[in-house]
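Below: the structure, in structure tokens.
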Amino acid sequence: MSQHWSYQPSEGVRTDPARALTLAYRLSAILAILLFIAAVVGVFVPEVYRDTALWAAQARGVNLVDLVVALPTLVIALFLTGRGSWRARIVWVGVLGYVLYDEAIFAFDIRFNSLFLIYVALLSLATFSLITSLTHLDVAALRLRVSSRVPARGVAIYLLIVAALFFLTWMKDIVPAVLGGTVPSTIREAGVPSNPVYVLDLGFLIPLYVLSAIWILARRGWGYVLAGALLVLNALLGLSIASSALFQHAVDGSVSLVVVPMFGVIALVSIGLGVLYLRGLPGTA
């Protein structure tokens, strides 16, 4: 049985002397391997997708970001967390949240293909890696060592702005369709029964943005964890949405590229705030 994480409030995160892998490490290591396979196949073997051209292009845009950005970030975060870094631990949680978000879409709304079992495995691994990592995190110790340099107010305002932006965007699609007894154009064009992004954003992501903003302003420990992880998730999500739009435009020139600069800015702001934020967290034990 693998050794569990051990903590001391004065030292932060550290592993046992043998540096044995925890369950979270093992799950994330398997996740990294499967994510690599799914991303490589998705990018270089487009025939694997049986969806409409635009939906398949969107999936390949996500695959590219997974391969080039998310996967290397996950591997580096795992390595540095093993050396006792609080900052890497927050990044790790953020990447897991991003993978969980995207794989929920792949598992439930991508037409059945040869990668189906990998999508299901990735969704499961991301979920249990996240749960295991968070349940072994000494939030009280983190809160005691957070520096006053953490831009808590700025991060909270930014997360609330992003939450409002997503909420209003989706409501503009959903409310007229509900009142008019029609289906949003995004769903019709994708040829899917529903848009999983609506469900994930309105049901989970937007409430987490608001909750983390409230908690970090109140200087609560979980607020620091959630806010940092959401900045990482936001950066990866912004890049994947911009990449997806570019892939879709390559398939159909009529697809607007207006979301590329918008989500590019969201990704850049998330990265910039994330760097400032992580600098205020405890470093290596």
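When residues of segment 186-198 are filtered for being part of a helix (DSSP H, G or I) and either more than 17 Å from residue 168 (Cβ to Cβ) or under 15 Å from the mean Cα position of the chain (by Cα) (or both), how many remain?
We begin by selecting, within segment 186-198, every residue part of a helix (DSSP H, G or I); these are 186-190, 196-198.
If we keep only those that are either more than 17 Å from residue 168 (Cβ to Cβ) or under 15 Å from the mean Cα position of the chain (by Cα) (or both) too, we end up with 187-190, 196-197.
Adding up the residues that qualify gives 6.
Out of segment 257-285, which residues are out of contact with any His (no Cβ under 8 Å at 6 or more places or on another chain) and assigned to a loop (DSSP other than H, G, I, E, B)? Steps first, please.
Taking segment 257-285 as the starting set, the residues that turn out to be out of contact with any His (no Cβ under 8 Å at 6 or more places or on another chain) are 258-285.
Across segment 257-285, the qualifying residues are 258, 280, 281, 282, 283, 285.
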In segment 57-70, anything out of contact with any Gly (no Cβ under 7 Å at 6 or more places or on another chain) and either in contact (Cβ under 8 Å) with a residue 40 or more places away in the chain or within 14 Å of residue 232 (Cβ to Cβ) (or both) is listed as 57, 58, 61, 62, 64, 65, 66, 69, 70
Taking segment 207-223 and keeping residues surrounded by fewer than 16 Cβ atoms within 10 Å (Cβ to Cβ) and free of Cβ contacts under 8 Å to residues at least 40 places away in the same chain leaves 207, 218
Over segment 26-69, the set of residues crowded, with 16+ Cβ neighbours inside 10 Å and basic (Lys, Arg) is 60
Looking across segment 75-90 at residues that are crowded, with 24+ Cβ neighbours inside 10 Å and either acidic (Asp, Glu) or touching a Leu at 6+ places or on another chain (Cβ under 9 Å) (or both), the single one that is modelled with the highest pLDDT is 90
task: Could you tell me whether residue 205 is among the hydrophobic types (A, V, I, L, M, F, W, C), in a helix (DSSP H, G or I) and out of contact with any helix residue (DSSP H, G or I) (no Cβ under 6 Å at 6 or more places or on another chain)?
output: yes
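Could you tell me whether residue 126 is in contact with an Asp or Glu (Cβ under 9 Å, 6 or more places away or on another chain), touching a residue at least 12 places away in the same chain (Cβ under 8 Å) and over 22 Å from residue 273 (Cβ atoms)? Don't jump to the end; show me each part of the working.
Values: in contact with an Asp or Glu (Cβ under 9 Å, 6 or more places away or on another chain): yes; touching a residue at least 12 places away in the same chain (Cβ under 8 Å): yes; over 22 Å from residue 273 (Cβ atoms): yes.
The answer is yes for residue 126.
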In the set 59, 32, the lone residue that is over 24 Å from residue 82 (Cα atoms), assigned to a helix (DSSP H, G or I), at pLDDT 95 or above and of a type in the set (A, V, I, L, M, F, W, C) is 59
- Task: Please tell me if residue 138 is of a type in the set (Asp, Glu) and surrounded by fewer than 22 Cβ atoms within 10 Å (Cβ to Cβ).
- Result: yes
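Given the residues 122, 117, 137, which is the only one that is assigned to a loop (DSSP other than H, G, I, E, B) and aliphatic (A, V, I, L, M)? Spell out the reasoning first.
Numbers: 122 fails: assigned to a loop (DSSP other than H, G, I, E, B); 117 fails: assigned to a loop (DSSP other than H, G, I, E, B).
After applying the criteria, what remains is 137.
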So, first residue in contact (Cβ under 8 Å) with a residue 12 or more places away in the chain and within 14 Å of residue 59 (Cβ to Cβ) in segment 177-196, second residue among the aromatic types (Phe, Trp, Tyr) and surrounded by fewer than 17 Cβ atoms within 10 Å (Cβ to Cβ), Cβ within less than 6 Å, six or more apart or across chains; the pairs are 196/108
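The values are calculated or read from the model by the stated rules, or taken from the named source; none is laboratory data. Only a predicted model underlies this, so the values are computations on that prediction, with no experimental measurement involved. Cβ sites come from the backbone with ideal geometry, for glycine too, and all protein chains shown count toward neighbours.
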